[in-house]
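Have a look at the structure below, then the notes.
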Amino acid sequence: MKIKESPIKGVPVTKINGNQSLATMDKLAIEEPLEIRLAFGAGLTRTVKNISVTMRTPGSDAELATGFLFTEGIIKDKNELASVNHCFIACAENKENVIQVELAEDATPELKNTDRNFYTTSSCGVCGKGSIAAIKTVSSFQPDQSNDFFITREMMLELPSRLRLYQDIFDVTGGLHACALFNTAGELLLLREDVGRHNALDKLIGAALERDLLPLKNAVLLLSGRASFELVQKAAMAGINIIGAIGAPSSLAVQLADEFGITLVGFLRHKRFNIYTMGQRILMPKYEN
């Protein structure tokens with residue numbers, strides 16, 4: 001049985017406009033916790049472990065869970081998955097906010113990665129080179145320094161406006177981050193939204209994992225906000241070669257992109273952008289230097 005999930009909630013609000021006030025309803029993006037549980041092992045040794053609790057917008061919870069497990073290096077590929085379902089038995093009162101990922105009996109998760117001791121949010125004080133080296137040890141895909149995949153400057157400039165055409169929930173609430181995959185012709189491949197930027201990307205990568213699209217070396221990732229270390233890390237885990245961010249990158253994000261041979265573009269808005277790494281993948285008009 002699938003739970004019907006709504007990402008939007010109506011709340012009463014008083015709107016003030018100059019000297020006028022109006023009591024009405026407003027639509028907000030829902031933010032609720034999601035507990036991710038992992039079941040693994042065979043027979044009597046099968047174990048259920050609580051892996052993480054994240055604040056997310058309901059919807060695409062299975063993709064969020066599997067994407068999180070993949071980008072954290074806990075699972076390596078889709079073949080390790082047996083099923084992904086909301087929990088109905090042990091948590092009847094809160095079943096829509098607990099999801100359990102069942103691994104195949106012969107799959108062995110990398111549970112040491114649940115400590116998140118080497119790639120985590122910027123607020124946790126990761127250590128630069130040591131963190132980047134650790135990511136390389138768990139990534140399924142090797143850094144790619146090749147230049148056989150590129151996008152034109154003109155198409156890169158078009159991507160933000162194309163993203164906005166598909167941000168349905170953002171149009172209603174104005175309160176969600178988005179991550180999208182485009183091909184070099186500017187065609188949308190996948191889009192996911194969430195109140196958490198890292199959740200949006202986990203949902204996107206989980207969807208790609210489900211569709212056997214990994215590695216995503218021939219897709220351009222567009223981020224609706226800034227490019228943090230954590231987002232570049234997740235992109236690197238998925239084999240992405242080009243990242244465009246509407247906001248600013250962090251210094252460690254640039255360092256990680258450089259180490260993994262990722263083209264990183266920031267401040268992609270108002271028909272301009274900055275290229276921070278691997279600029280040779282941005283094809284410029286021949287008449288320009």
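The values are calculated or read from the model by the stated rules, or taken from the named source; none is laboratory data. What you see is a predicted model, and the numbers here were worked out from it, not measured in a lab. Every residue, glycine among them, receives a Cβ derived from its backbone with ideal geometry; neighbour counts consider all protein chains shown.
Of all residues in the stretch 175-199, which are among the small types (G, A, S) and farther than 16 Å from R164 by Cβ?
Hits for the stretch 175-199 are A185, G196.
If I filter the stretch 1-55 down to residues being under 20 Å from D168 (Cα atoms) and either under 19 Å from the mean Cα position of the chain (by Cα) or among the hydroxyl-bearing types (S, T, Y) (or both), which single residue comes out as surrounded by the most Cβ atoms within 10 Å (Cβ to Cβ)?
Looking at residues that are under 20 Å from D168 (Cα atoms) and either under 19 Å from the mean Cα position of the chain (by Cα) or among the hydroxyl-bearing types (S, T, Y) (or both), I get P7.
The residue pairs whose first member lies in the stretch 1-15 and is assigned to a strand (DSSP E or B) and at pLDDT 80 or above, whose second member is of a type in the set (D, E) and surrounded by 10 or more Cβ atoms within 10 Å (Cβ to Cβ), and whose beta carbons are closer than 6 Å, counting only pairs six or more residues apart or on different chains, are V11/D26; V13/D26. Confirm whether T108 is of a type in the set (V, I, T) and modelled with pLDDT under 75. Taking the combined requirement at face value, the residue does not satisfy it.
With free of Cβ contacts under 8 Å to residues at least 60 places away in the same chain, surrounded by fewer than 24 Cβ atoms within 10 Å (Cβ to Cβ) and within 19 Å of L188 (Cβ to Cβ) as the only criterion, which of L213, L223 stands out? After applying the criteria, what remains is L213.
Quick check on this structure: which one of A200, A253, A245, A236 is in contact with a Pro (Cβ under 9 Å, 6 or more places away or on another chain), of a type in the set (A, V, I, L, M) and buried (at least 22 other Cβ atoms within 10 Å of the Cβ)?
A236
Scanning the stretch 226-252 for residues that are free of Cβ contacts under 8 Å to residues at least 60 places away in the same chain and more than 23 Å from L209 (Cα to Cα) yields R226, G247, A248, P249, S251.
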